[in-house]
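Before any comments, here is the structure.
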Amino acid sequence: MKLTKKELEIMQILWKQPEPLSARGIVRVNPELSQNTVQSVLSKLLKKGLIENSGYGKTSTNITREYQAVLSEESYLEQNVSRSAINNLLTSFVATNTTLAELDDLERVIEQRKKELRK
């Protein structure tokens with residue numbers, strides 16, 4: 001499922017936040033978004049089943065709905081990015097990475113997957 005630019009922008013905010021956010025919370029993270037735009041996009045994302053109402057929060061004067069992503073960022077990328085693009089990204093990541101710890105983590109994941117496939 002492809003997302004519009006604004007839908008993706010809001011999903012990226014939700015993916016990065018450890019806690020559910022209200023529309024106002026999303027605007028606080030990205031003040032360039034208007035409250036009305038955020039509310040409209042959240043409504044569309046709810047209808048698509050990509051986010052859920054995770055409860056209610058309080059402000060000093062209002063009770064607000066809080067939202068969290070149902071679709072993970074990884075799942076979205078798997079569905080919308082070609083295998084060749086992912087391969088190119090991983091190749092570039094390995095070629096330009098200067099952190100041994102990240103390369104070690106990647107190597108561990110690859111070795112684990114190889115073991116699973118050999119069974």
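Amide H contacts of Ser22 (H built 1.01 Å from N, in plane; Pro and chain starts excluded): Tyr67 sit under 5 Å, all sequence-distant by 5 or more or on other chains. Using the Cβ atoms and a cut-off under 14 Å, what net charge is assigned to the surroundings of Val109, where Lys and Arg are +1 and Asp and Glu are -1? Charge balance near Val109 sits at -3. Ordering Met1, Met11 by the number of other Cβ atoms within 10 Å of each residue's own Cβ, fewest first, gives Met1, Met11.
When the listed pairs Lys5/Lys115; Lys16/Lys48; Lys16/Lys44; Lys16/Lys115; Lys16/Lys47 are checked against a 28 Å cut-off, the alpha-carbon distance exceeds it for Lys5/Lys115; Lys16/Lys115. Between the Cα long axis of helix 35-47 and the first principal axis of the chain there is an angle of about 60°, rounded to the nearest 10.
For mean projected area of the Cα convex hull in nm², computed directly from the structure shown, the correct entry in [x] 8.1; [y] 10.8; [z] 10.4 is [z]. Charges were assigned to the Cβ only: +1 to each Lys and Arg, -1 to each Asp and Glu. The resulting dipole of the chain about its Cα centre is roughly 440 debye.
Read-outs: derived from the displayed coordinates by stated rules, not from any lab. Computed from a predicted model, the values in this text were never measured in an experiment. Neighbour counts are summed over all protein chains in view; Cβ atoms, including those assigned to glycine, are modelled from backbone coordinates with ideal geometry.
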